Amino acid sequence: MPKTSDTEYLSFPILLGDIGGTNARFSILIDSFAEPVHLTTVKTAEYPTIDDAIQQAVLDKTSLQPVSTILAIAGPIEGDEIPLTNCHWVVKPKDMLAKLGLKDVIVINDFEAQALAIAALDDDNRDAIGSGRKDVLASRVVLGPGTGLGVAGLVYARHMWFPVPGEGGHIDIGPRSARDYAVFPHIETIEGRVAGEQILCGRGLVNLYRAICKADGIEPVFSDPADITSQGLSGQNAQAKETLSLFSTYLGRVAGDLALIFMAKGGVYLAGGISQKIIPALKSPEFRAAFEDKAPHKALMRTIPTFVVTHPQAALSGLATYARTPADFGLALDGRRWRA
């Protein structure tokens, strides 16, 4: 196994942070044998800066002071000032080193952290959808329908895991069935495209529901993804029920496409709150049938397992997995690590 240099290891204790647009979750990892201890979850709107949140909600309330930190953020990482996509916070690692007593700061993409997590999830933290060979030591994919559609690969090569972040949530989705052709003309596009995020996320659920209503010639009743989900799962509203059915179908198609691209024999994982909420719909035949319907490779697709990630803090788990054994991961840190 290739060995990393000593400089790639972090000093414990390590503060782990999953920084989203609305919530920031923090855990601490005491040593390489420990499980991360959840410290707190804060609303980003309640603190002017991430430094204030870390100081007031973490450092001021624990005697165990971290030496290093790894932060997973929802936003691109370029330069020494890193704005979050859907939040007023700007991550400034040099300020963290100067003001928070930290000696080492690593910042990575939030879906890289999700990819790191799926390297080591056990059955207690995932729910299998359909069949397939479990726990094959091979490349994997994670998709996360949420505010948007996050996608990352986890390539296995040279006895190491290489997380591959990207913008896979913006790939095209097209119609195939007669019902698709009836619904798709009514789906709101982005510059003429039906991209993944136009359907496979929270607002995409609403977009799809409204398109189904227009195809059926009725006025939409719901505008909240949670209402569409609950009504669809209960079967009380026909259009909401079909929304979940088509959502599962389209998610299955995209998941299957990505499995082929990455040759993800290690499995495809569905992360995020939406996936967890609609597990009963995903366990209906539509998702897995669409996933496997990839002629001429149907036989191959049947062997690839699919899961819903049920770990309540998957991104933090991924950061901890990396922090324990960084030599197992080819995580590129150029321009993403700052040291005192």
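Below, the figures for the structure above:
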item: Members of the stretch 269-307 that are touching a strand residue (DSSP E or B) at 6+ places or on another chain (Cβ under 7 Å), closer than 11 Å to ILE129 by Cα and open to solvent by 10 Å² or more (accessible area, probe 1.4 Å); result: ILE279, LYS283, ARG288
item: Options ILE73, ILE14, ILE30; residue that is aliphatic (A, V, I, L, M) and surrounded by fewer than 20 Cβ atoms within 10 Å (Cβ to Cβ); result: ILE30
item: Per-region count, the stretch 215-228, residues surrounded by fewer than 17 Cβ atoms within 10 Å (Cβ to Cβ) and either part of a helix (DSSP H, G or I) or among the basic types (Lys, Arg) (or both); result: 3
item: Which listed residue is closer than 21 Å to GLU292 by Cα, open to solvent by 10 Å² or more (accessible area, probe 1.4 Å) and assigned to a strand (DSSP E or B), from ALA152, ALA128, ALA138; result: ALA128
item: Selected residue [in contact (Cβ under 8 Å) with a residue 40 or more places away in the chain, open to solvent by less than 10 Å² (accessible area, probe 1.4 Å) and on the phi < 0 side of the Ramachandran plot] from LEU143, LEU121; result: LEU143
item: Members of the stretch 233-268 found to be over 18 Å from ARG288 (Cβ atoms), among the small types (Gly, Ala, Ser) and open to solvent by 10 Å² or more (accessible area, probe 1.4 Å), listed by number; result: SER234, GLY235, ALA238
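The values are calculated or read from the model by the stated rules, or taken from the named source; none is laboratory data. As the structure is a computational prediction, the values presented were derived from the model and not from experiment. A quick note on method: Cβ atoms are made from the backbone with ideal geometry, for glycine too, and the neighbour counts reach across all protein chains shown. Surface areas here come from the heavy atoms of the whole protein model, side chains and all, with no ligands, DNA or RNA. Shrake-Rupley method; radii C 1.70, N 1.55, O 1.52, S 1.80 Å.
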